[in-house]
Amino acid sequence: MKVDQKGHTTTIKDTQGDVNAFLEKITHEHNSFKNQNLIIDITHDKGITVKDIKSFSELSKVHRKGKKSFVIVADGIDFNDVPVKIIAVPSLQEAHDIIEMEEIERDLGF
């Protein structure tokens, strides 16, 4: 797991390729990230599935309740199959763009 913090956003990158262990570790350490917008980068794991993405739904829900963004970056999945409650994008740039838009929405009171 590699953690990179820039401003109000923390990017957590999976370096092991084991989504379940990665999710467990992030969930366990969530308190240290709860005041940051989170980008979960699982592009390292080429065998990622939509089911794996869905396993992040509870953590996403908890994080978003704190008025912070939670975006998953994944590669090689059908993004149309990802539930609307989970934000998943194919690149880090798109993740940063989503967070920027959500910050503006929160500032405007939406």
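For the chain, the relative contact order works out to 22 percent when only alpha carbon pairs closer than 8 Å and six or more residues apart are counted. Could you list the residues of the range 55-71 with an amide nitrogen less than 19 Å from a label point located 7 Å from the Cα of GLN5 in the Cα-to-C-beta direction? Residues 63-64, 66-71 fall inside that zone. Computed over the range 2-108, the range of Cα coordinates on each principal axis works out to 38, 29, 22 Å, biggest value leading. The slack in the chain from ASN35 to ARG64, taken as 0.36 nm per residue of separation less the alpha-carbon distance, amounts to 9.4 nm. Label separation (ALA21 vs PHE110): 4.0 nm, computed from points 7 Å beyond Cα along the C-beta direction. Rounded to the nearest 500, the helix-only mean residue ellipticity at 222 nm of the chain stands at -11000 deg cm²/dmol, with each DSSP H run of n ≥ 4 adding -39,500 (n - 2.57). Here the range 47-109 is assigned +1 on the Cβ of each Lys and Arg and -1 on the Cβ of each Asp and Glu. Its dipole about the Cα centre then comes out at about 460 debye. Here the range 2-108 is assigned +1 on the Cβ of each Lys and Arg and -1 on the Cβ of each Asp and Glu. Its dipole about the Cα centre then comes out at about 440 debye.
Taking 17 Å as the cut-off, the amide N atoms of the range 48-64 that come nearer than this to a point 7 Å along the Cα-to-beta-carbon line of ASP75 belong to 48-50, 53.
Rule-based calculations on the coordinates, nothing more; no lab input. Since this is a predicted model, take the numbers as computed values, not measurements. No Cβ is skipped: glycine too gets one built from the backbone with ideal geometry, and neighbour counts run over all protein chains shown.
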